[in-house]
Amino acid sequence: MVNVKDGLAQLMDTEGCLGCCIVDSNSGMILGAAGGGAVNIELAAAGNTEVLRAERKTIKLLGLGDAIEDILITMGRQYHVFRPLAKNDALFVYVVLDKAKANLAMARHRVGAVEKELTIA
């Protein structure tokens, strides 16, 4: 088990990671963040909370009876990956990656591994 600080540090060690955070999807507020730099991680997390909510609503309307494992947004220079916590799906891990430096498969694997070990106190 890892706490938020250690989990974020592990995510920042991912090749190409520009910033990461743990977000409350009910409010869009960040519980913890690391990195960011040129990326306003707080604003990005709040905005992508709406993406997560919309996808959950669509899944429910379609009657799919399934849950989101992760969501990937691919842009020209960045990947944005967010993954709800299995233990508390009101929270999600959000990671911004430099597309030129990141290995997407490895990054998704790392996000999943951290999510499984993360404990929120």
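The values are calculated or read from the model by the stated rules, or taken from the named source; none is laboratory data. Treat the numbers as computed from the prediction; the structure is a model and nothing was measured. Reconstructed Cβ throughout: ideal geometry from the backbone, glycine too, with neighbour counts over all protein chains shown.
Just a few scattered comments:
- Selection status of Arg110, surrounded by 14 or more Cβ atoms within 10 Å (Cβ to Cβ) and either at pLDDT 95 or above or over 19 Å from Ala38 (Cβ atoms) (or both): yes
- Residue in region 58-67 that is of a type in the set (Gly, Ala, Ser) and surrounded by 14 or more Cβ atoms within 10 Å (Cβ to Cβ) present: no
- Total residues in region 85-107, condition surrounded by 12 or more Cβ atoms within 10 Å (Cβ to Cβ), part of a helix (DSSP H, G or I) and out of contact with any Asp or Glu (no Cβ under 8 Å at 6 or more places or on another chain): 1
- The set of residues from region 38-67 being over 14 Å from the mean Cα position of the chain (by Cα) and assigned to a helix (DSSP H, G or I) comprises Ala54, Glu55, Arg56, Lys57, Thr58, Ile59, Lys60, Leu61.
- Filtered by the rule that a residue be touching a residue at least 60 places away in the same chain (Cβ under 8 Å), under 21 Å from Val23 (Cα atoms) and not aliphatic (A, V, I, L, M), region 99-114 gives a lone residue, Arg110.
- Residue pairs meeting the criteria (Cβ under 6 Å; at least 6 apart or on separate chains; first closer than 26 Å to Thr14 by Cα, in region 34-62; second of a type in the set (A, V, I, L, M) and assigned to a helix (DSSP H, G or I)): Ala34/Leu8; Ala34/Met12; Gly35/Met12
- Residue under evaluation Ala34, criteria (1) among the aliphatic types (A, V, I, L, M); (2) assigned to a loop (DSSP other than H, G, I, E, B); (3) within 21 Å of Arg108 (Cα to Cα), criterion not met: (2)
- Extreme residue, surrounded by the fewest Cβ atoms within 10 Å (Cβ to Cβ), among residues of region 68-84 that are β-branched (Val, Ile, Thr) and assigned to a strand (DSSP E or B): Thr74
- Met1 being in contact with a helix residue (DSSP H, G or I) (Cβ under 6 Å, 6 or more places away or on another chain) and surrounded by fewer than 14 Cβ atoms within 10 Å (Cβ to Cβ): yes
- Thr119 meets each of the listed conditions (1) among the hydroxyl-bearing types (Ser, Thr, Tyr); (2) more than 12 Å from the chain's Cα centre (by Cα); (3) modelled with pLDDT of 95 or more apart from (3).
- Taking residues in region 13-28 that are within 24 Å of Asn88 (Cα to Cα) and surrounded by fewer than 16 Cβ atoms within 10 Å (Cβ to Cβ), and partners anywhere that are of a type outside the set (A, V, I, L, M, F, W, C) and at pLDDT below 95, not one pair has Cβ atoms closer than 8 Å while being at least 6 places apart or on different chains.
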